[in-house]
Each structure stands twice: as structure tokens, then as C-alpha cells.
Amino acid sequence: DSGVTQTPKHLITATGQRVTLRCSPRSGDLSVYWYQQSLDQGLQFLIQYYNGEERAKGNILERFSAQQFPDLHSELNLSSLELGDSALYFCASSGPLAGDYSYEQYFGPGTRLTVT
Amino acid sequence: GIQVEQSPPDLILQEGANSTLRCNFSDSVNNLQWFHQNPWGQLINLFYIPSGTKQNGRLSATTVATERYSLLYISSSQTTDSGVYFCAVERDSNYQLIWGAGTKLIIKP
């Protein structure tokens, strides 16, 4: 058990809908990362938050947004869903940043999203 | 951007065999991690190893940063070792992990 929790574990929804994925980091970790794993694209970084602020952005679509709340949990919002958004979405967390370098990232169990 | 290549892409072994998985990266990195994704999709941290050698039970890893590669050794394989092994790196202080395509390992009883 990594200490990172994600809900829900599975989500089935229709095209055009909006969903929210939730992540709670390990106790004490300030950074939260979101990754998408799809069959054709592999694992890709979406976005990172550090202590409530957006820190880095990867291949995140404009239809997707995220935030980190004062209690450090994070939510990833996916809207206007398309069939191609079906994927496993992982959240990871890491400890306080030293200088510019991240520490080891610990991954949650993932949310499997199926868009029909 | 940085390229991460893993080899071999697939590996089928009998239980009890040893294996070596390789990760090559195209530029210097600040962070390198090895993960095991089990058949249920869970990503399990194996090693945080930007340089040097570490061991954890039957698994060990070595990263030679100056030559831009890392090796994961699995000894006395068990069926529970089956899954996909990923190498992921970070550079440029941009915090994101860049992933290799993985090595799919199947251990037969």
C-alpha cells in the first residue's frame, strides 16, 4: 500500500459527460501528480500541483482540469468525454521539493475510466 | 525531449530463472524510478535510483548515470513477478516523469 488513495476505482460513463476523479496524497506529501495510461499512448504526465499551486503541466487537454485543495487532496475533472479518454488515471504524490528536484513518486491504485 | 527505451519489450521465463531488464535514456536525469505494474494495473514502486546500486530481496537495480542506462535484475523469478516493468525518468527540474514503453514479463510455473 503506497498510502495514496484514489476514488472511484472504476467509472463508466457516456460520451459528452463530465466526471471527477479524486486523490488523497500520502500523509505529509505536498506534491500531487496526475498521469494517464492509455493503450495507444502509454503512461503520460498530465499535471502537477505543489501545496495548492499548479507547478507543471504536461499533455493535458483543455477539456481536463485539476486542482489541489487546502487539505492537499486533489481532483481531476474531465469534461465533454470522448471514447479516446478511456484510460487508467493515476495519481502520485511526493514529499517536499528540495531545490528543483522531486523526490520519489508514489502511485495510487488508479481510476479506470470507460467512456461508452 | 528525453527518450527512454526499455529492452527487451517482452520476456517469457520459467519460474526460478534470472532476468535482466534494461533502460536507456538519451540525456542526463535527476530522477530514475523502476515500477512493476501487476496484472490488476497497480503500479508498485521498486526502486528510486538516479545513480548507484540498490537491492531489495530478489530484486536489485543499478544506474550508471554517466553512461545513461539502468538495469533491473530479478533473481529466482516467481509467477507473482509477472507483469510490466517500467522505467521512468525526470530531467530539467520539470517534475514530470517520462516513461519507457515497459518490459512485459511472463513467468511460467
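The values are calculated or read from the model by the stated rules, or taken from the named source; none is laboratory data. On a predicted model such as this, the values are computed, not experimentally measured, just so you know. Cβ placement follows ideal geometry from the backbone for every residue including glycine, while neighbour counts extend to all protein chains displayed. Side chains are part of the model used for accessible areas, which takes the heavy atoms of the whole protein and leaves out ligands, DNA and RNA. Shrake-Rupley method; radii C 1.70, N 1.55, O 1.52, S 1.80 Å.
Using the structure shown, decide if A:SER93 is closer than 26 Å to B:GLN33 by Cα, more than 10 Å from every other protein chain (Cβ to nearest Cβ) and in a strand (DSSP E or B). First the steps, then the outcome.
On the way: closer than 26 Å to B:GLN33 by Cα: yes; more than 10 Å from every other protein chain (Cβ to nearest Cβ): yes; in a strand (DSSP E or B): yes.
Criteria met by A:SER93.
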Out of (1) out of contact with any strand residue (DSSP E or B) (no Cβ under 8 Å at 6 or more places or on another chain); (2) crowded, with 21+ Cβ neighbours inside 10 Å, the one A:GLY28 does not meet is (2)
Do we have any residue at all in region B:76-83 that's outside any loop (DSSP other than H, G, I, E, B), touching a Leu at 6+ places or on another chain (Cβ under 9 Å), over 22 Å from A:GLN36 (Cβ atoms) and acidic (Asp, Glu)? yes
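Of A:ASP40, A:ASP71, which residue is out of contact with any Phe, Trp or Tyr (no Cβ under 9 Å at 6 or more places or on another chain), within 14 Å of another protein chain (Cβ to nearest Cβ) and open to solvent by 30 Å² or more (accessible area, probe 1.4 Å)? First the steps, then the outcome.
Working: A:ASP71 fails: within 14 Å of another protein chain (Cβ to nearest Cβ).
None of the other options fit; the residue is A:ASP40.
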- Message: Being among the polar types (S, T, N, Q) and assigned to a loop (DSSP other than H, G, I, E, B): is that true of A:ASN59 here?
- Response: yes
Scanning region A:47-65 for residues that are small (Gly, Ala, Ser) and open to solvent by 20 Å² or more (accessible area, probe 1.4 Å), the one farthest from the chain's Cα centre (by Cα) turns out to be A:GLY52
Condition set of a type in the set (Asp, Glu) and open to solvent by 30 Å² or more (accessible area, probe 1.4 Å), scope region A:74-90, selection farthest from the other protein chains (Cβ to nearest Cβ): answer is A:GLU82
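Hey, which of the strands (runs of 3 or more DSSP E) in region B:1-63, taking only ones fully inside, have at least 1 residues that are touching a residue at least 40 places away in the same chain (Cβ under 8 Å) and either within 14 Å of another protein chain (Cβ to nearest Cβ) or not charged (D, E, K, R) (or both)?
Working: elements: B:4-7, B:10-14, B:19-25, B:31-37, B:43-48, B:52-56.
Hits in region B:1-63: B:4-7, B:10-14, B:19-25, B:31-37, B:43-48.
Look through A:SER65, A:SER27, A:SER2 and report the one residue that is of a type in the set (Ser, Thr, Tyr), in contact (Cβ under 8 Å) with a residue 12 or more places away in the chain, more than 27 Å from B:GLY100 (Cβ to Cβ) and assigned to a loop (DSSP other than H, G, I, E, B). Even if it seems obvious, please write down each step before you answer.
On the way: A:SER65 fails: assigned to a loop (DSSP other than H, G, I, E, B); A:SER2 fails: more than 27 Å from B:GLY100 (Cβ to Cβ).
Within the list A:SER65, A:SER27, A:SER2, the selection yields A:SER27.
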